[in-house]
1. Give the residue, chosen from B:Glu16, B:Glu42, B:Glu8, that is among the acidic types (Asp, Glu) and at positive phi.
2. For segment B:25-113, give me every one of the strands (runs of 3 or more DSSP E) that falls completely inside it and has 3 or more residues that are within 11 Å of chain A (Cβ to nearest Cβ).
3. Which of the numbered conditions does B:Gly57 fail, given that it passes all the others? Conditions: (1) in contact with a Lys or Arg (Cβ under 7 Å, 6 or more places away or on another chain); (2) touching a residue at least 60 places away in the same chain (Cβ under 8 Å).
4. Take the residues of segment B:79-113 that are surrounded by fewer than 16 Cβ atoms within 10 Å (Cβ to Cβ) and of a type in the set (S, T, N, Q): which is modelled with the lowest pLDDT?
5. Please pick out the residue among A:Gly16, A:Gly40 that is more than 14 Å from A:Phe105 (Cα to Cα) and either modelled with pLDDT under 90 or not in a loop (DSSP other than H, G, I, E, B) (or both).
6. Out of the residues in segment A:71-114 meeting the condition of being of a type in the set (Val, Ile, Thr) and without any contact (Cβ under 8 Å) to a residue 40 or more places away in the chain, tell me which one is farthest from the other protein chains (Cβ to nearest Cβ).
7. Scan segment A:49-70 for residues that are free of Cβ contacts under 8 Å to residues at least 12 places away in the same chain and either at positive phi or crowded, with 18+ Cβ neighbours inside 10 Å (or both) and jot them down.
8. Against the conditions (1) modelled with pLDDT of 90 or more; (2) surrounded by 18 or more Cβ atoms within 10 Å (Cβ to Cβ), where does A:Ala103 fall short? Just the number, please.
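The values are calculated or read from the model by the stated rules, or taken from the named source; none is laboratory data. In this text, all values refer to a predicted model and were calculated from it rather than measured experimentally. Here the Cβ positions follow ideal geometry from the backbone for every residue, glycine too, while neighbour counts run over all protein chains shown.
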Amino acid sequence: DVKVTQSSRYLVKRTGEKVFLECVQDMDHENMFWYRQDPGLGLRLIYFSYDVKMKEKGDIPEGYSVSREKKERFSLILESASTNQTSMYLCASSQPERRNTEAFFGQGTRLTVV
Amino acid sequence: GNSVTQMEGPVTLSEEAFLTINCTYTATGYPSLFWYVQYPGEGLQLLLKATKADDKGSNKGFEATYRKETTSFHLEKGSVQVSDSAVYFCALILNTGGFKTIFGAGTRLFVKA
(Lines give C-alpha, C1' and ligand atoms only; values in the text may rest on other atoms or scores of the structure.)
Protein backbone atom coordinates (compact mmCIF):
# COMPACT_ATOMS: atom_id res chain seq x y z
CA ASP A 1 0.00 0.00 0.00
CA VAL A 2 1.48 3.31 -1.10
CA LYS A 3 2.11 5.80 1.62
CA VAL A 4 2.99 9.41 2.30
CA THR A 5 3.75 9.97 5.96
CA GLN A 6 3.89 13.29 7.75
CA SER A 7 5.78 13.29 11.00
CA SER A 8 3.13 14.98 13.17
CA ARG A 9 -0.66 15.22 13.09
CA TYR A 10 -0.79 18.19 15.47
CA LEU A 11 1.81 20.78 16.45
CA VAL A 12 1.67 23.83 18.69
CA LYS A 13 4.56 26.28 18.39
CA ARG A 14 5.34 29.73 19.71
CA THR A 15 5.76 32.83 17.59
CA GLY A 16 9.34 33.17 16.41
CA GLU A 17 10.22 29.49 16.72
CA LYS A 18 11.85 27.61 13.86
CA VAL A 19 9.51 24.81 12.81
CA PHE A 20 10.26 21.71 10.77
CA LEU A 21 7.52 19.67 9.08
CA GLU A 22 8.73 16.35 7.73
CA CYS A 23 7.28 14.25 4.93
CA VAL A 24 8.39 10.83 3.71
CA GLN A 25 7.06 8.82 0.75
CA ASP A 26 7.76 5.18 -0.04
CA MET A 27 6.75 5.15 -3.72
CA ASP A 28 10.05 6.34 -5.24
CA HIS A 29 8.24 9.38 -6.65
CA GLU A 30 10.18 12.19 -8.30
CA ASN A 31 7.75 14.98 -7.42
CA MET A 32 6.95 16.18 -3.93
CA PHE A 33 4.77 19.09 -2.88
CA TRP A 34 3.83 21.12 0.19
CA TYR A 35 0.40 22.75 0.37
CA ARG A 36 -1.42 24.66 3.04
CA GLN A 37 -5.16 24.30 3.40
CA ASP A 38 -7.32 27.10 4.79
CA PRO A 39 -11.12 27.38 4.91
CA GLY A 40 -12.51 29.02 1.80
CA LEU A 41 -9.11 29.08 0.09
CA GLY A 42 -8.66 25.41 -0.72
CA LEU A 43 -5.13 24.13 -1.24
CA ARG A 44 -2.38 26.59 -2.00
CA LEU A 45 1.00 25.41 -3.19
CA ILE A 46 3.93 26.57 -1.05
CA TYR A 47 6.90 24.77 -2.64
CA PHE A 48 7.54 21.77 -4.83
CA SER A 49 10.48 19.64 -5.85
CA TYR A 50 11.12 17.58 -8.98
CA ASP A 51 14.34 16.00 -7.85
CA VAL A 52 16.77 15.69 -5.00
CA LYS A 53 18.23 19.06 -4.00
CA MET A 54 15.90 20.78 -6.43
CA LYS A 55 13.10 23.13 -5.34
CA GLU A 56 10.77 25.63 -6.90
CA LYS A 57 8.51 28.24 -5.36
CA GLY A 58 4.80 27.73 -5.50
CA ASP A 59 2.13 30.36 -5.11
CA ILE A 60 2.78 31.37 -1.48
CA PRO A 61 6.45 30.72 -0.60
CA GLU A 62 6.98 33.74 1.64
CA GLY A 63 8.00 32.78 5.17
CA TYR A 64 8.81 29.20 4.18
CA SER A 65 11.77 27.23 2.90
CA VAL A 66 12.23 23.57 1.97
CA SER A 67 14.87 20.90 1.90
CA ARG A 68 15.14 17.75 -0.18
CA GLU A 69 18.38 15.95 0.59
CA LYS A 70 17.01 12.49 -0.20
CA LYS A 71 14.45 11.44 -2.79
CA GLU A 72 11.97 10.10 -0.26
CA ARG A 73 12.03 13.04 2.15
CA PHE A 74 10.78 16.61 1.70
CA SER A 75 10.92 19.01 4.63
CA LEU A 76 9.06 22.29 5.06
CA ILE A 77 10.74 24.88 7.28
CA LEU A 78 9.16 27.90 8.91
CA GLU A 79 12.19 30.04 9.74
CA SER A 80 10.33 32.18 12.28
CA ALA A 81 6.79 31.05 12.88
CA SER A 82 4.02 33.63 12.91
CA THR A 83 0.36 33.37 13.87
CA ASN A 84 -0.74 33.76 10.23
CA GLN A 85 1.00 30.47 9.51
CA THR A 86 -1.52 28.62 11.66
CA SER A 87 -3.00 26.19 9.15
CA MET A 88 -3.31 22.61 7.93
CA TYR A 89 -0.23 21.57 5.98
CA LEU A 90 -0.45 18.77 3.42
CA CYS A 91 2.42 16.96 1.75
CA ALA A 92 1.96 15.11 -1.54
CA SER A 93 4.00 13.14 -4.04
CA SER A 94 3.53 12.06 -7.66
CA GLN A 95 5.34 10.66 -10.67
CA PRO A 96 6.07 13.08 -13.53
CA GLU A 97 6.07 10.78 -16.53
CA ARG A 98 2.34 10.40 -17.10
CA ARG A 99 0.03 13.37 -17.56
CA ASN A 100 -2.79 11.59 -15.80
CA THR A 101 -0.72 10.87 -12.74
CA GLU A 102 -2.49 11.36 -9.44
CA ALA A 103 -1.04 12.97 -6.34
CA PHE A 104 -0.82 10.94 -3.15
CA PHE A 105 -1.33 12.87 0.07
CA GLY A 106 -0.27 12.51 3.65
CA GLN A 107 -2.80 12.90 6.47
CA GLY A 108 -1.82 16.47 7.15
CA THR A 109 -0.23 18.40 10.00
CA ARG A 110 -2.39 20.89 11.83
CA LEU A 111 -0.04 23.61 13.03
CA THR A 112 -1.07 26.20 15.58
CA VAL A 113 1.25 29.15 16.23
CA VAL A 114 0.55 30.95 19.49
CA GLY B 1 -3.97 31.98 -15.91
CA ASN B 2 -4.78 28.39 -15.07
CA SER B 3 -7.48 27.91 -12.46
CA VAL B 4 -10.32 25.75 -11.18
CA THR B 5 -13.63 27.12 -9.95
CA GLN B 6 -16.09 25.00 -8.04
CA MET B 7 -19.39 25.76 -6.39
CA GLU B 8 -19.29 27.16 -2.91
CA GLY B 9 -20.46 25.03 -0.06
CA PRO B 10 -21.51 23.74 2.20
CA VAL B 11 -23.96 21.53 0.36
CA THR B 12 -26.45 19.82 2.66
CA LEU B 13 -28.50 16.89 1.38
CA SER B 14 -30.67 14.16 2.80
CA GLU B 15 -29.63 10.55 2.36
CA GLU B 16 -30.50 9.13 -1.09
CA ALA B 17 -30.69 12.58 -2.67
CA PHE B 18 -29.03 13.37 -6.02
CA LEU B 19 -25.73 15.22 -5.84
CA THR B 20 -24.17 17.65 -8.29
CA ILE B 21 -21.05 19.68 -7.52
CA ASN B 22 -20.14 22.02 -10.34
CA CYS B 23 -16.57 22.49 -11.52
CA THR B 24 -15.23 24.63 -14.37
CA TYR B 25 -11.66 25.26 -15.36
CA THR B 26 -9.43 27.64 -17.25
CA ALA B 27 -6.26 26.19 -18.69
CA THR B 28 -3.71 26.71 -21.42
CA GLY B 29 -3.27 23.52 -23.33
CA TYR B 30 -5.09 20.30 -22.65
CA PRO B 31 -5.30 19.36 -18.97
CA SER B 32 -6.20 16.15 -17.20
CA LEU B 33 -9.04 16.54 -14.70
CA PHE B 34 -9.52 15.03 -11.26
CA TRP B 35 -11.85 14.89 -8.30
CA TYR B 36 -10.28 14.34 -4.88
CA VAL B 37 -12.15 13.68 -1.63
CA GLN B 38 -11.07 14.54 1.92
CA TYR B 39 -12.85 12.72 4.72
CA PRO B 40 -12.77 14.28 8.20
CA GLY B 41 -9.31 14.20 9.76
CA GLU B 42 -7.64 12.75 6.69
CA GLY B 43 -5.59 13.86 3.71
CA LEU B 44 -6.93 14.00 0.17
CA GLN B 45 -7.42 10.87 -1.89
CA LEU B 46 -8.21 10.47 -5.56
CA LEU B 47 -11.90 9.83 -6.28
CA LEU B 48 -11.89 9.76 -10.09
CA LYS B 49 -10.14 11.21 -13.12
CA ALA B 50 -10.44 11.84 -16.88
CA THR B 51 -7.66 12.61 -19.31
CA LYS B 52 -9.39 13.59 -22.55
CA ALA B 53 -12.57 15.15 -23.85
CA ASP B 54 -15.76 13.12 -23.36
CA ASP B 55 -14.03 10.69 -20.99
CA LYS B 56 -16.15 9.73 -18.01
CA GLY B 57 -14.44 9.00 -14.72
CA SER B 58 -16.34 6.92 -12.17
CA ASN B 59 -15.79 5.43 -8.72
CA LYS B 60 -17.94 4.50 -5.68
CA GLY B 61 -21.11 5.62 -7.51
CA PHE B 62 -19.66 9.04 -8.35
CA GLU B 63 -19.06 10.09 -11.93
CA ALA B 64 -17.89 13.11 -13.90
CA THR B 65 -17.55 13.76 -17.64
CA TYR B 66 -14.77 15.86 -19.21
CA ARG B 67 -16.59 18.50 -21.27
CA LYS B 68 -14.08 20.44 -23.35
CA GLU B 69 -16.70 22.64 -25.03
CA THR B 70 -17.94 23.98 -21.68
CA THR B 71 -14.60 23.52 -19.82
CA SER B 72 -16.44 21.64 -17.10
CA PHE B 73 -16.08 18.49 -15.01
CA HIS B 74 -19.16 18.33 -12.78
CA LEU B 75 -19.32 15.64 -10.09
CA GLU B 76 -22.56 13.65 -9.75
CA LYS B 77 -23.96 10.83 -7.64
CA GLY B 78 -27.42 9.43 -7.94
CA SER B 79 -27.99 8.57 -4.28
CA VAL B 80 -25.75 9.95 -1.55
CA GLN B 81 -25.07 8.28 1.79
CA VAL B 82 -24.12 9.71 5.18
CA SER B 83 -20.63 8.26 4.63
CA ASP B 84 -20.19 10.56 1.60
CA SER B 85 -19.95 13.56 3.92
CA ALA B 86 -16.57 15.08 3.10
CA VAL B 87 -14.86 17.91 1.26
CA TYR B 88 -14.58 17.45 -2.51
CA PHE B 89 -11.85 19.11 -4.57
CA CYS B 90 -11.82 19.52 -8.32
CA ALA B 91 -8.33 19.69 -9.80
CA LEU B 92 -6.38 19.77 -13.03
CA ILE B 93 -2.90 18.85 -14.16
CA LEU B 94 -1.28 20.66 -17.03
CA ASN B 95 0.97 18.76 -19.38
CA THR B 96 3.72 21.26 -18.79
CA GLY B 97 5.54 22.55 -15.75
CA GLY B 98 6.23 19.23 -14.15
CA PHE B 99 2.63 18.14 -13.86
CA LYS B 100 1.76 20.50 -11.04
CA THR B 101 -1.77 20.00 -9.72
CA ILE B 102 -4.05 23.03 -9.47
CA PHE B 103 -6.94 22.67 -7.02
CA GLY B 104 -10.28 24.34 -6.62
CA ALA B 105 -11.31 25.77 -3.26
CA GLY B 106 -13.20 22.63 -2.24
CA THR B 107 -16.89 22.00 -1.57
CA ARG B 108 -18.01 20.61 1.77
CA LEU B 109 -20.87 18.10 1.59
CA PHE B 110 -23.05 17.21 4.57
CA VAL B 111 -25.43 14.28 4.18
CA LYS B 112 -28.19 13.91 6.80
CA ALA B 113 -29.72 10.57 7.73
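1. Values: B:Glu42 fails: at positive phi; B:Glu8 fails: at positive phi.
Sole residue among the options that is among the acidic types (Asp, Glu) and at positive phi: B:Glu16.
2. Numbers: elements: B:32-38, B:45-50, B:56-59, B:62-65, B:75-77, B:86-93, B:101-103, B:107-112.
Because the criterion is at least 3 residues that are within 11 Å of chain A (Cβ to nearest Cβ), the strands (runs of 3 or more DSSP E) in segment B:25-113 that meet it are B:32-38, B:45-50, B:86-93, B:101-103.
3. With (1) in contact with a Lys or Arg (Cβ under 7 Å, 6 or more places away or on another chain); (2) touching a residue at least 60 places away in the same chain (Cβ under 8 Å) applied to B:Gly57, the lone miss is (2).
4. Filtering first and then ranking leaves B:Thr96.
5. Working: A:Gly16 fails: either modelled with pLDDT under 90 or not in a loop (DSSP other than H, G, I, E, B) (or both).
Going through A:Gly16, A:Gly40 in turn, just one is more than 14 Å from A:Phe105 (Cα to Cα) and either modelled with pLDDT under 90 or not in a loop (DSSP other than H, G, I, E, B) (or both): A:Gly40.
6. Here is the first cut: in segment A:71-114, the residues of a type in the set (Val, Ile, Thr) are A:77, A:83, A:86, A:101, A:109, A:112-114.
After this cut, where a residue has to be without any contact (Cβ under 8 Å) to a residue 40 or more places away in the chain as well, the list is A:86, A:101.
Details: A:Thr86: 18, A:Thr101: 6 Å.
Ranking the candidates gives A:Thr86 first.
7. Answer for segment A:49-70, where residues must be free of Cβ contacts under 8 Å to residues at least 12 places away in the same chain and either at positive phi or crowded, with 18+ Cβ neighbours inside 10 Å (or both): there is none.
8. (1)
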